[in-house]
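Read through the structure below, which is laid out as structure tokens, and then see the notes.
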Amino acid sequence: MDFKKEIRVIEDFPEEGISFKDITTVLKNPKSLKSCIDELANKFKGLDIDIIVGPESRGFIFATPLAYKLNAGFVPVRKPGKLPAETLKYEYDLEYGKDSLEIHKDSIKPGQKILIVDDLLATGGTISATASLIEELGGQVVGIGFFIELAELNGRKKLSNYDVESLVVY
């Protein structure tokens with residue numbers, strides 16, 4: 001399916017110079033949403049995945065149905081203070097400042113095979129931090145999937161140690 005035809009591009013949002021890729025036009029179409037999940041599943045079938053991890057918040061949209069389709073569990077990665085049980089925190093640098101993510105300490109067991117799924121690959125910072133959390137818990141990142149990749153931001157370079165797949169590349 002040619003998802004680019006369905007993704008709405010909004011120029012100068014959220015600020016001037018940004019070309020925002022709005023996925024709500026794909027998500028509201030049942031055929032497109034199903035095709036998206038099916039295509040992501042095909043990219044990673046045969047990997048015997050135990051857990052699919054989705055970072056907050058749009059990663060949840062893709063990771064949960066993909067976990068269902070691949071007969072895997074789902075684990076959320078969230079911003080600090082959003083998870084109720086004991087967490088592991090990873091702090092990382094942004095262009096202007098720092099950010100951090102958390103995962104439940106008991107969400108991944110050593111040796112489990114993990115697929116990370118998110119809506120968009122830009123600079124790779126969020127996914128690199130997510131992979132670090134998983135690996136600190138002993139999980140093995142066997143793949144990383146995205147709906148959209150913004151190639152000009154070179155996020156794939158930051159994830160060069162992993163098998164990275166994207167459905168749409170700008």
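No lab work stands behind these numbers, since they all come straight from the coordinates. In this text, all values refer to a predicted model and were calculated from it rather than measured experimentally. No Cβ is skipped: glycine too gets one built from the backbone with ideal geometry, and neighbour counts run over all protein chains shown.
Before moving on, here are some points about what is shown:
- Helical runs (DSSP H, four residues minimum) scored at -39500 (n - 2.57) apiece and divided by the length of the chain put the mean residue ellipticity at 222 nm at -8000 deg cm²/dmol.
- Within the chain, the longest run free of exposed loop sites, counting GluC sites (Glu not before Pro) that sit outside DSSP helix and strand states (H, G, I, E, B) and have at most 10 other Cβ atoms within 10 Å, spans 96-170.
- Prolate/oblate/rounded call for region 57-159, Cα gyration tensor, a/c under 1.5 rounded: oblate
- Debye intensity ratio in log₁₀ form over the Cα atoms of region 91-140, taken at each q of 0.20 Å⁻¹: -0.72
- Whole-angstrom gap from region 1-74 to region 84-131, using each part's C-alpha centre: 18
- DSSP beta bridges confined to region 1-153 are antiparallel in about 45 percent of cases.
- Residue with peak Gaussian network fluctuation, the chain [Cα springs, cutoff 10 Å], from Asp48, Asp118, Asp93: Asp93
- Principal axis dimensions, largest first and in whole angstrom, of region 1-135 by Cα: 41, 40, 22
- Most mobile of Leu153, Leu66, Leu121 in a GNM of the chain (Cα contacts under 10 Å): Leu153
- Charge context of Leu83, other residues only, Cβ under 12 angstrom, K/R +1, D/E -1: +1
- Within the listed set Gly111, Gly155, Gly124, the residue fluctuating most in the Gaussian network model of the chain (springs between alpha-carbon atoms under 10 angstrom) is Gly111.
- Fewest-first ordering of Thr25, Thr126 by other beta carbons within 10 Å of each residue's beta carbon gives Thr25, Thr126.
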